[in-house]
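Worksheet: the structure to be examined is printed underneath.
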Amino acid sequence: MVTSGLPLRLMEVFRTVFYTPIYVSVAGGFLESEGLDVTFSSCPPELGNVSRALEQGAADISGSGVMGSIISADGGAEHVLAHIAKINARDGFFLLSRPTDTEFKWESLKGATVIPVGFSAMPPASLQFALRNHGVDPEELNMIPGLPLDEAVAIFRNGQGDYIHLPEPAAEELIADGTASLAVALGPANGHIAYSSFAATNGFLDSNPDLVDRFIKGYARALTWLRDNEPATVGEVVAPFFPGVAKELIVRSVARYKDQETWPPDPHLMEPEFQAQQDILIAAGMVKQRQAYSRVVRPEFAQAALG
């Protein structure tokens, strides 16, 4: 890494192939080429979440989601995190069933036991949205909530649950060893939404416009590279972030995400996707009213950097 560049402390929520745009930006040298000296980390457990990390000054920019800012604004918060660039344009979670050759039908979930991995409130809210849109009342499912990824996978392997709800590469691992079959991908089911994005405090953004400009330019080039390269090539870059997972499964994870257009072609976080996210939160009862796009998203940074 260049040590004479502008220092940037970049953080992610947790480690998942869903966040491949972040890993490509860091490991592909796209941020470094913009003169940024990046320190990259996952959010440490003692901080609880990336919002707290940003607010306490433990990170400068982090992967996040507009969900948190919308909920905070709805709750009357005076200040909320500002979102500047899109990471994921679709839900990246999957429902897996026990091994079967039978075509999945949404009504098969009625009365089933489902294990949702407990990263944040957004994945379950998105799942509920898909259920309602396909004629299934979420109350008809038996949930085993609140489990971290490793525990959720362990109890599913041990025979508990009919379905498990999780991202890649965990989904690919269960499919590959015959523990599960893919039932449905939530990304195509719910369409394009502002699922994940880079966020920072307004104070940091206003005090560091040059750094933010460089970051978005480098990130935009990473997205172009990601779009233009095959899963095997992308997997070579991403695999070192997952030392315990077979490279073949990382490549399959990347291919699945690319096939469903999970990652955006550019960083612009547009209002229609923001409103689609609010639809999910309102349907889940997580917010009472819509929040203004301008309260949560600051598109002027991407507009200035990319035109």
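Readers should treat all values here as calculations from the given coordinates under stated rules, not as data from a laboratory. Not measured: the values here are computed from a predicted model. Please note: Cβ atoms are built from the backbone with ideal geometry, for glycine as well, and neighbour counts cover all protein chains shown.
The table below lists the values:
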{"quantity": "Radius of gyration and Dmax over the Cα atoms of segment 191-307, both given in Å", "calculated": "16.8, 44"}
{"quantity": "Alpha-carbon centroid distance for the pair segment 124-186 / segment 56-97, whole angstrom", "calculated": "22"}
{"quantity": "Built amide H within the under 5 Å cut-off of Arg15, gap 5+", "calculated": "none"}
{"quantity": "Pairs of alpha carbons in the chain whose separation is greater than 37 Å (percent)", "calculated": "13"}
{"quantity": "Order of Glu300, Glu103 - criterion: other Cβ atoms within 10 Å of each residue's Cβ, fewest first", "calculated": "Glu103, Glu300"}
{"quantity": "For Phe119, Phe93, order by how many other beta-carbon atoms lie within 10 Å, fewest first", "calculated": "Phe119, Phe93"}
{"quantity": "Set of lysines with alpha-carbon distance to Lys258 below 23 Å, sequence-local pairs under 8 removed", "calculated": "Lys86, Lys217, Lys247"}
{"quantity": "Karplus-derived 3J(HN,Hα), 6.51/-1.76/1.60, for each residue of segment 86-93, Hz, glycine and proline x", "calculated": "7, 9, 10, 9, 9, 4, x, 9"}
{"quantity": "Dipole of the chain, positive end: most advanced residue of Ser294, Gly111, Ala276 [Cβ charges, Cα centre]", "calculated": "Ser294"}
{"quantity": "Charge dipole (debye, nearest 20) of segment 1-158; +1 at Cβ of Lys and Arg, -1 at Cβ of Asp and Glu", "calculated": "260"}
{"quantity": "Positive minus negative residues near Trp106 (Lys, Arg vs Asp, Glu; Cβ under 14 Å)", "calculated": "-2"}
{"quantity": "Rg followed by Dmax, in Å, when segment 75-131 is reduced to its Cα trace", "calculated": "16.1, 52"}
{"quantity": "Share of alpha-carbon pairs per 10 Å distance bin for segment 37-103, given as whole %", "calculated": "16, 38, 26, 12, 8, 0"}
{"quantity": "Share antiparallel - DSSP beta bridges, segment 94-190, percent rounded to 5", "calculated": "55"}
{"quantity": "Proxy reagent accessibility, fewest Cβ within 10 Å first, across Thr262, Thr113, Thr16", "calculated": "Thr113, Thr16, Thr262"}
{"quantity": "Local electrostatic count, Ser42, Cβ distance below 9 Å [Lys/Arg +1, Asp/Glu -1]", "calculated": "0"}
{"quantity": "Backbone HN-Hα couplings from phi across segment 159-166 [Karplus 6.51/-1.76/1.60, Hz, Gly and Pro as x]", "calculated": "x, 7, x, 8, 9, 10, 10, 7"}
{"quantity": "Computed helical MRE - 222 nm, the chain, DSSP H runs ≥ 4 contributing -39500 (n - 2.57), nearest 500", "calculated": "-11500 deg cm²/dmol"}
{"quantity": "Counting all C-alpha pairs of segment 136-212, share separated by more than 17 Å (%)", "calculated": "63"}
{"quantity": "Surface/4 estimate of mean projected area, convex hull on alpha-carbon atoms of segment 94-190, nm²", "calculated": "5.5"}
